[in-house]
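Let me begin by presenting the structure, written as structure tokens, before commenting on it.
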Amino acid sequence: SERREELQKKHKAYYIALGAIRGASDNLRAEISPRLSEYATDMMKVMTEGRYSDFDVTDALSVYFNDAKGERRSVDYLSGGTRDLAYVAVRAALIDMLYTEKPPICFDETFANQDNRRAASMMKAVKKLSDDGYQSYVFTCRQRESAMATDLQPRSAIFRLSVTGD
């Protein structure tokens with residue numbers, strides 16, 4: 001009888017705790033999704049010159065946008081290159097939200113599978129991050145990205161590493 005009573009008290013406490021956690025989670029999601037959506041939308045506006053300007057990042061981190069007809073579509077509807085831009089926008093939004101001090105952001109061959117137009121769009125995002133106070137590093141084995149960076153920001157610091165000798 002005492003054991004049953006003890007277990008009932010624990011069950012009630014767990015049930016109350018679970019309700020509190022669910023409520024906190026719902027409130028957190030309600031706050032996070034709009035912030036992610038806003039920042040991702042701002043980044044996509046920059047990268048697509050306003051073509052895609054209404055992104056929605058759900059509480060499950062699914063990404064949607066409104067097309068030219070106003071229809072809500074999954075980011076999977078976009079071409080591979082534009083989808084990559086959208087995911088970079090969401091990552092930038094997460095970084096902006098998670099850190100109080102702006103950390104450096106590294107792009108390691110992020111541009112490799114992009115055509116010149118989309119690579120230039122991605123470089124505009126890097127410039128926007130710089131304008132927002134982020135220091136970004138782009139690692140690549142190509143010359144194209146350094147030319148794009150210099151075109152956008154003539155004072156970009158370009159470092160070329162080379163291996164000499166054996």
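On a straight-distance basis, which lysines could pair with residue 124 in a cross-link, Cα separation under 24 angstrom, same-chain partners fewer than 8 positions away excluded?
Residue 124 reaches 45, 102.
Could you work out what % of the accessible surface of the chain is carbon and sulfur, using a 1.4 angstrom probe and leaving DNA, RNA and ligands out of the count? Each step should come with its number before you reach the end.
Values: 5750 of 11460 Å².
C and S atoms contribute 50 percent here.
Just from its helices, what would the mean residue ellipticity at 222 nm be for the chain, if runs of 4 or more DSSP H residues each count -39500 (n - 2.57) and the sum is divided by every residue, rounded to the nearest 500 deg cm²/dmol?
After summing the helix terms and dividing by residue count, I get -19000 deg cm²/dmol.
Could you tell me the calculated FRET efficiency between residue 11 and residue 109, based on Cβ-Cβ distance and R0 = 41 angstrom, to the nearest 0.05? Intermediate results must be reported in sequence, preceding the final value.
Details: r = 53 Å, r/R0 = 1.29.
Once the sixth-power term is evaluated, E becomes 0.20.
What percent do you get for the relative contact order of the chain when only Cα pairs under 8 Å and 6+ apart count?
About 17 percent, as a whole number.
With unit charges on the beta carbon (Lys/Arg positive, Asp/Glu negative), name the residue among 95, 57, 32 whose Cα is farthest towards the positive pole of the charge dipole of the range 22-139.
The one lying farthest along the dipole's positive direction is 57.
Which whole-Hz ³J(HN,Hα) couplings does the range 65-76 yield from phi under the Karplus relation 6.51 cos²θ - 1.76 cosθ + 1.60, θ = phi - 60°, glycine and proline marked x?
8, 9, 7, 4, 8, x, 7, 7, 9, 6, 4, 5
For the chain, with every protein chain kept in place, what is the accessible area per residue (1.4 Å probe, Å²)? List each step's numbers first, then the result.
Values: 11460 Å² over 166 residues.
Here the residues of the chain average 69 Å² of exposed surface.
So if I take the centroid of the Cα atoms in the range 25-88 and the same for the range 114-166, what is the distance between those two points in Å?
Cα centres, the range 25-88 to the range 114-166: 24 Å.
Any chance you could get the radius of gyration and Dmax over the Cα atoms of the chain, in Å?
Gyration radius and largest Cα-Cα distance of the chain: 22.2, 82 Å.
Roughly how many debye, to the nearest 20, is the charge dipole of the chain about its Cα centre, given +1 on each Lys and Arg Cβ, -1 on each Asp and Glu Cβ, and no other charges?
The dipole magnitude comes to about 160 debye.
Indicate, rounded to the nearest 5 percent, the antiparallel portion of the DSSP beta bridges found entirely in the chain.
60
Students often forget the sequence filter, so: which aspartates and glutamates lie under 16 Å Cα-Cα from residue 10 once same-chain residues fewer than 8 apart are removed?
Partners within reach: 2.
The values are calculated or read from the model by the stated rules, or taken from the named source; none is laboratory data. No experiment lies behind these values; they were computed from the predicted model shown. Every residue, glycine as well, gets a Cβ built from its backbone with ideal geometry; the counts of neighbours run over all protein chains shown. Calculation scope for accessible area: heavy atoms of the full protein, side chains included, ligands and nucleic acids excluded. Shrake-Rupley method; radii C 1.70, N 1.55, O 1.52, S 1.80 Å.
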